[in-house]
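Q: Once you've had a glance at the structure underneath, I'll fire off some questions.
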Amino acid sequence: MINRPLAIAAALLLLLLLPLVLQGPYIRHLFILAFLFAIVAASWDLTLGLTGLFNFGHIAFFGLGVYTAGILTTQAGVDPWLVIPIAGIVAALAAFVVAAPTLRLRGIYVVLVTFAFSQLCLQVVMSQGDLTGGAGGIVRVPSLRISDYNFARDQRLGYYYVSLVLSLACIAALVAIARSPLGKTARAVRDNPEYAAARGIDQMRIRLTMLVISAIPTGIAGALYCIYFRVAAPEVFSFSTSTLILTMLLVGGAGSIVGPAVAAVGIVMISEYLEQFPDLKATKHMLLAVGIILVLRFFPGGLAQISANLFARSAKTVGATPERAP
Amino acid sequence: MADIIVSILVSGLVLGSLYALMASGLSMVWTTLGIFNFAHGVSMTVGAYVAYEIAQRLGPDLWVGYSILLALVVMAAVGAAFEYLLIRPFYGRDDMVLVTIMTTLAGLTFLENGVLTIWGPRLKQLEPLIPGNISYGLVNISRQELIIVLVAPVILLALFLVLNHTQIGRAIRAVGQNQKSAQLIGIPVTRMFLVSFGLAAALAGLAGMLLAGVRLMTPTMGADPLMKALIVVIFGGLGSIGGSIGAAYVIGFLEAILIFTVGIYWTPSMLFLLMVLVLLFRPQGLFGAKNPSSL
Amino acid sequence: MAAILLDVGHVTKRFGAFVAVNDVTFDVREGEVLGIAGPNGSGKSTLFNILTGIPFGRDAGEIHFRGQSVGRLKPFEIARLGLVRTFQKDSDFKTLSAFENVMMGTWCCGPISASQKRDLASAALDKVGFALERIHLTAGDLSVFDRKRLMIASALVSSPHLLMLDEPASGLTKPEIDALRDLLLELNASGLTIVVIEHVLPLLMAVAQRLIVLNEGRILSQGDPQAVVRDERVISAYLGGQASHAHAS
């Protein structure tokens with residue numbers, strides 16, 4: 001049995017001090033990516049895993065964050081610092097839009113509409129070339145600065161800490177929500193919607209709230225992703241991005257919030273390592289796909305289940321399997 | 001004006017026929033297994049590439065139709081293998097609907113990238129079944145498109161006859177209505193799953209092979225038709241194969257009209273908007289088939 | 001005569017050509033225990049479902065609860081008015097702890113503080129005799145009887161005006177049924193109005209002050225339980241088939 005708070009404190013300290021050991025822009029780049037994807041995976045888990053909302057359009061919130069940042073900074077001259085919160089708001093508004101047709105639906109229809117929404121976002125981005133640069137995307141997005149200091153300098157030190165802090169803040173907030181009465185009610189709705197209604201729980205409101213909450217960190221992560229890469233490209237809406245994040249969610253353990261965030265770090269490392277070999281790009285995606293199937297088949301609880309056993313706590317803190325059909 | 005209307009009609013018919021081939025398989029798998037197969041679009045891609053590969057091996061002297069027939073057999077096997085590997089292990093789990101969405105998404109990623117690995121990103125084309133165009137009055141259509149328009153209803157009629165008037169078809173429908181009872185009266189339920197996946201993959205593959213004679217093939221050629229099939233089944237109601245086929249033609253014509261009126265860029269958004277409206281007012285689809293009670 | 005709490009007038013529910021509940025009229029009076037019996041498929045559970053809107057409403061008829069029409073309300077709104085039900089099949093929030101399961105009942109309590117909610121949940125658990133040492137176990141790991149008690153406790157948290165129990169005894173052993181009977185009598189003695197659907201007739205006879213027997217979606221007989229079970233129509237339509245069932249369970 002391991003002391004949980006101590007383990008968390010040690011991990012945080014390690015992440016703070018890591019840049020001392022990890023010199024070189026590439027390895028830091030990997031961590032920055034991992035932190036950003038950790039936000040996306042953990043917040044997707046809030047709807048898909050914890051609330052049991054069959055949301056398969058989560059990537060749209062990320063993509064909207066990316067393009068909000070790209071468009072506002074290059075076309076309206078908005079400060080890069082400012083577009084980060086704005087992207088969160090835009091994503092939240094988009095969540096309201098998706099919610100309108102989805103919340104009354106159940107099961108597979110929710111999947112279809114949310115999925116179609118993400119594809120629609122892609123289509124709109126591709127077609128509105130004047131604003132979005134079409135297939136070529138937006139380039140030369142301004143970098144984060146404080147007076148003259150560019151955050152990409154010193155081997156991306158600034159971006160390392162910005163993404164680390166944002167990631168920790170978002171994940172802490174998501175965990176707090178998951179443990180709050182709201183989070184428990186969301187699990188109740190997932191576990192047994194009819195029983196939940198019989199206890200006076202307004203499921204539509206719970207689902208709407210969770211969808212909007214989950215969109216905010218995702219939009220924020222998207223904006224930072226865009227500013228860090230200084231590019232907004234339509235690939236962010238693609239199947240591959242969705243599959244990548246879905247892998248993190250499943251490997252980490254759906255419904256556990258922290259699990260997907262932790263898994264994000266490992267999967268980004270593997271995925272980016274394979275990215276070095278252009279010939280293996282397709283192979284990488286095939287491996288991820290096989291990974292998804294193996295995890296679903298043999299470790300349906302993911303890392304969270306394994307760590308729950310490690311910390312000698314019962315499975316009650318883990319959302320076990322993500323959802324059963326309502 | 002008349003020529004515009006005719007060309008809208010022709011292109012609507014072609015699109016509707018393709019979507020009907022796609023959506024009927026999607027809907028059939030949903031009604032029998034209660035599974036939404038996201039890899040259905042990539043079956044179309046794989047079908048086109050398999051036919052292309054066979055045609056290459058057989059050489060240019062042999063009519064492409066033989067390659068297509070062979071490729072259909074291969075696709076049926078691919079569909080059955082897909083069911084065996086990606087669906088069967090999860091059967092009976094209480095979160096099966098969600099899990100199989102993820103496994104079929106994974107299957108989609110795997111196959112799409114597999115096609116990319118084997119055949120590369122370069123555009124390819126399958127020879128049309130009969131080359132050339134036909135002009136008749138205002139109608140101007142390639143022979144291949146004419147074949148698509150004519151073949152689709154024949155295939156769908158055959159599917160309808162198989163489902164309604166053969167033993168295996170009745171077994172598939174029985175499984176769709178009540179698996180437990182079907183099992184009790186001695187229908188080999190799991191074999192019906194294989195059959196229905198195989199049949200669906202062959203139908204999608206056929207759509208891909210026919211389309212590959214008109215347009216260029218890419219590893220992602222199945223993505224857009226999947227999107228359209230998705231909109232089609234929402235319009236038609238997932239649980240009804242007939243409704244899906246009807247909706248396929250409606251969407252085909254709508255798309256043709258929209259492309260002419262609002263342009264190719266806004267068409268997807270308009271279709272999406274229509275889908276949302278349909279869902280808001282008729283969640284069971286335009287043609288009113290009832291949803292399976294489990295969902 | 002006590003005030004009428006729930007007034008059900010001519011409610012009907014159809015599934016296609018099948019009429020599951022057919023023009024049913026009855027009322028529930030404040031402070032009583034009303035039993036509802038009937039053979040399988042007689043419309044008992046469907047009646048519960050349409051009264052609470054879970055998972056569907058009625059096709060026709062009027063339902064008034066405490067003078068307010070509830071036929072068009074959403075299920076959670078009906079629950080918040082104080083008409084709270086349990087389910088026949090085991091229902092729980094399987095990944096939540098026993099205590100958290102009961103806490104879900106506080107959504108019907110209106111705006112009260114978190115500590116008040118916890119106090120109410122503890123009191124409700126105590127009332128149904130749920131063992132204190134098991135309140136942090138995950139609901140999915142509990143026994144059938146414990147989960148039934150959780151379901152009742154989560155209903156009691158908000159001090160509902162009417163508790164509707166759908167076959168609370170199904171799946172329970174004889175001693176557990178006895179404990180359940182005592183609980184129901186105790187709750188009723190403290191002033192709670194209860195409607196209970198049950199297959200297990202002895203339990204119904206022990207707790208109900210009035211009995212309604214449904215058959216093929218219609219009320220066959222209602223009134224004093226002793227008189228109802230002697231009604232010839234009831235005996236022929238229901239008890240003939242039911243006697244063997246009750247015996248088996």
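The values are calculated or read from the model by the stated rules, or taken from the named source; none is laboratory data. Just so it is clear, the model here is predicted, and its values are computed rather than measured. So basically every Cβ, Gly included, is an ideal-geometry build from the backbone, and we count neighbours across all protein chains shown. Areas reflect the complete protein model, heavy atoms only, side chains present, ligands, DNA and RNA absent. Shrake-Rupley method; radii C 1.70, N 1.55, O 1.52, S 1.80 Å.
Q: So, in region A:171-196, exactly how many residues are over 24 Å from A:Val110 (Cβ atoms) and more than 12 Å from every other protein chain (Cβ to nearest Cβ)?
A: 5
Rundown of residues vs (1) within 14 Å of chain A (Cβ to nearest Cβ); (2) surrounded by fewer than 20 Cβ atoms within 10 Å (Cβ to Cβ), yes/no style:
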residue	(1), (2)
B:Thr190	no, yes
B:Leu199	no, no
B:Ala202	no, no
B:Gly208	no, no
B:Val214	no, yes
B:Thr220	yes, yes
B:Leu230	yes, no
B:Leu238	yes, no
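Q: Now for a different question. Checking B:Asp94 against (1) within 22 Å of the chain's Cα centre (by Cα); (2) over 18 Å from A:Thr247 (Cβ atoms), only one condition comes out false. Which one?
A: With (1) within 22 Å of the chain's Cα centre (by Cα); (2) over 18 Å from A:Thr247 (Cβ atoms) applied to B:Asp94, the lone miss is (1).
Q: If you don't mind, another one. Given the conditions (1) within 14 Å of another protein chain (Cβ to nearest Cβ); (2) not in a loop (DSSP other than H, G, I, E, B), report the number of the one that A:Leu93 does not fulfil.
A: Here A:Leu93 meets the rest and fails (1).
Q: Let me ask something else. Consider region B:226-249. How many of its residues are at pLDDT below 90 and either outside any helix (DSSP H, G or I) or closer than 16 Å to B:Glu145 by Cα (or both)?
A: Here the count works out to 4.
Q: Take region A:57-72 and flag every residue that is farther than 11 Å from A:Phe237 by Cβ and open to solvent by 10 Å² or more (accessible area, probe 1.4 Å).
A: A:Thr68, A:Ile71, A:Leu72, listed by residue number.
Q: Let me confirm something: among C:Leu183, C:Leu165, C:Leu120, which residue is crowded, with 16+ Cβ neighbours inside 10 Å and touching a helix residue (DSSP H, G or I) at 6+ places or on another chain (Cβ under 7 Å)?
A: Numbers: C:Leu183 fails: touching a helix residue (DSSP H, G or I) at 6+ places or on another chain (Cβ under 7 Å); C:Leu165 fails: touching a helix residue (DSSP H, G or I) at 6+ places or on another chain (Cβ under 7 Å).
Step by step, each of C:Leu183, C:Leu165, C:Leu120 is checked, and only C:Leu120 is crowded, with 16+ Cβ neighbours inside 10 Å and touching a helix residue (DSSP H, G or I) at 6+ places or on another chain (Cβ under 7 Å).
Q: Taking the residues in region A:20-42 that are of a type in the set (A, V, I, L, M) and out of contact with any helix residue (DSSP H, G or I) (no Cβ under 8 Å at 6 or more places or on another chain) as candidates, determine which candidate is farthest from A:Ser271 (Cα to Cα).
A: A:Leu20
Q: Sticking with this structure for a sec: Being modelled with pLDDT under 90 and either open to solvent by less than 40 Å² (accessible area, probe 1.4 Å) or not in a loop (DSSP other than H, G, I, E, B) (or both): is that true of C:Leu239 here?
A: Numbers: modelled with pLDDT under 90: yes; either open to solvent by less than 40 Å² (accessible area, probe 1.4 Å) or not in a loop (DSSP other than H, G, I, E, B) (or both): yes.
For C:Leu239, the condition - modelled with pLDDT under 90 and either open to solvent by less than 40 Å² (accessible area, probe 1.4 Å) or not in a loop (DSSP other than H, G, I, E, B) (or both) - is met.
Q: I need a count of the residues in region A:197-206 that are at the interface with chain C (Cβ under 7 Å from one of its Cβ atoms) and part of a helix (DSSP H, G or I).
A: Step one: list which residues in region A:197-206 are at the interface with chain C (Cβ under 7 Å from one of its Cβ atoms), which gives A:197-202.
When the remaining residues are screened for being part of a helix (DSSP H, G or I), the result is A:197-198.
Number satisfying all stated conditions: 2.
Q: List the residue pairs whose Cβ atoms are under 8 Å apart, where the first residue sits in region B:112-130 and is away from chain A (no Cβ under 14 Å), the second is aromatic (Phe, Trp, Tyr) and part of a helix (DSSP H, G or I), and the two are 6 or more positions apart or on different chains.
A: B:Lys124/B:Tyr49; B:Lys124/B:Tyr52; B:Leu126/B:Tyr52
Q: Hey, another quick one. Report the residue count in region A:188-205 for those that are surrounded by 23 or more Cβ atoms within 10 Å (Cβ to Cβ), of a type in the set (A, V, I, L, M) and touching a residue at least 12 places away in the same chain (Cβ under 8 Å).
A: Result for region A:188-205: 3.
Q: For region A:230-266, which residues satisfy the criterion of being open to solvent by 20 Å² or more (accessible area, probe 1.4 Å) and away from chain B (no Cβ under 14 Å)?
A: Matches in region A:230-266: A:Arg230, A:Val231, A:Ala233, A:Ser256, A:Val258, A:Val262, A:Val265, A:Gly266.
Q: Filter region A:156-183 for residues that are farther than 19 Å from A:Val265 by Cβ and assigned to a helix (DSSP H, G or I) and give the result. Let's see the steps before the verdict.
A: If we filter region A:156-183 for residues that are farther than 19 Å from A:Val265 by Cβ, which is where we start, we get A:158, A:176-183.
Scanning region A:156-183 gives A:Gly158, A:Ala176, A:Ile177, A:Ala178, A:Arg179, A:Pro181, A:Leu182, A:Gly183.
Q: Do we find that C:Leu204 is open to solvent by less than 40 Å² (accessible area, probe 1.4 Å), part of a loop (DSSP other than H, G, I, E, B), out of contact with any Ser or Thr (no Cβ under 6 Å at 6 or more places or on another chain) and modelled with pLDDT of 90 or more in this structure?
A: Values: open to solvent by less than 40 Å² (accessible area, probe 1.4 Å): yes; part of a loop (DSSP other than H, G, I, E, B): no; out of contact with any Ser or Thr (no Cβ under 6 Å at 6 or more places or on another chain): yes; modelled with pLDDT of 90 or more: yes.
No: the conditions fail for C:Leu204.
Q: Another one. Which residue, of C:Val70, C:Val28, is open to solvent by less than 50 Å² (accessible area, probe 1.4 Å) and within 24 Å of C:Leu220 (Cβ to Cβ)? Give the derivation first.
A: On the way: C:Val70 fails: within 24 Å of C:Leu220 (Cβ to Cβ).
From the options C:Val70, C:Val28, the qualifying one is C:Val28.
Q: Would region B:64-75 turn up any residue that is within 10 Å of chain A (Cβ to nearest Cβ), touching a helix residue (DSSP H, G or I) at 6+ places or on another chain (Cβ under 6 Å) and hydroxyl-bearing (Ser, Thr, Tyr)?
A: Keep residues of region B:64-75 that are within 10 Å of chain A (Cβ to nearest Cβ), which gives none.
Among the residues of region B:64-75, not one is within 10 Å of chain A (Cβ to nearest Cβ), touching a helix residue (DSSP H, G or I) at 6+ places or on another chain (Cβ under 6 Å) and hydroxyl-bearing (Ser, Thr, Tyr), which makes the answer no.
Q: Only one residue in C:Ala227, C:Ala208 is small (Gly, Ala, Ser), free of Cβ contacts under 8 Å to residues at least 24 places away in the same chain and in the same structural domain as C:Val19 (by the TED database), so which one is that? Give the derivation first.
A: Details: C:Ala208 fails: free of Cβ contacts under 8 Å to residues at least 24 places away in the same chain.
Every option except C:Ala227 fails the conditions.
Q: Right, something else. Among the residues of region A:128-187 satisfying the criterion of being without any contact (Cβ under 8 Å) to a residue 40 or more places away in the chain, of a type in the set (S, T, N, Q) and open to solvent by 20 Å² or more (accessible area, probe 1.4 Å), which is nearest to A:Val258 (Cα to Cα)?
A: A:Ser180
Q: Further question: So how many residues does region A:270-304 have that are away from chain B (no Cβ under 14 Å) and either under 19 Å from A:Thr47 (Cα atoms) or in contact with a helix residue (DSSP H, G or I) (Cβ under 6 Å, 6 or more places away or on another chain) (or both)?
A: 3
Q: Please verify whether region C:63-75 includes one or more residues that are modelled with pLDDT of 90 or more and facing another protein chain (nearest Cβ under 8 Å).
A: The first filter runs over region C:63-75 and keeps only residues modelled with pLDDT of 90 or more, leaving C:63-70, C:73-75.
Then keep just the ones that are facing another protein chain (nearest Cβ under 8 Å); that gives C:74-75.
The answer is yes; a qualifying residue exists.
Q: If you don't mind, another one. Go through the residues of region A:163-172 one by one and say whether even a single one is aliphatic (A, V, I, L, M) and more than 23 Å from the chain's Cα centre (by Cα). Quick ask: steps written out before the conclusion?
A: Initially, region A:163-172 is screened for residues aliphatic (A, V, I, L, M), giving A:164-166, A:168-169, A:171-172.
Within this subset, residues satisfying the condition of being more than 23 Å from the chain's Cα centre (by Cα) are none.
No; the residues of region A:163-172 include none that is aliphatic (A, V, I, L, M) and more than 23 Å from the chain's Cα centre (by Cα).
For (1) among the charged types (D, E, K, R); (2) modelled with pLDDT under 85; (3) buried (at least 18 other Cβ atoms within 10 Å of the Cβ), each residue gets a yes or a no:
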| position | (1), (2), (3) |
| --- | --- |
| B:Val115 | no, no, yes |
| B:Val139 | no, yes, no |
| B:Gly176 | no, yes, yes |
| B:Ser181 | no, yes, no |
| B:Leu211 | no, no, yes |
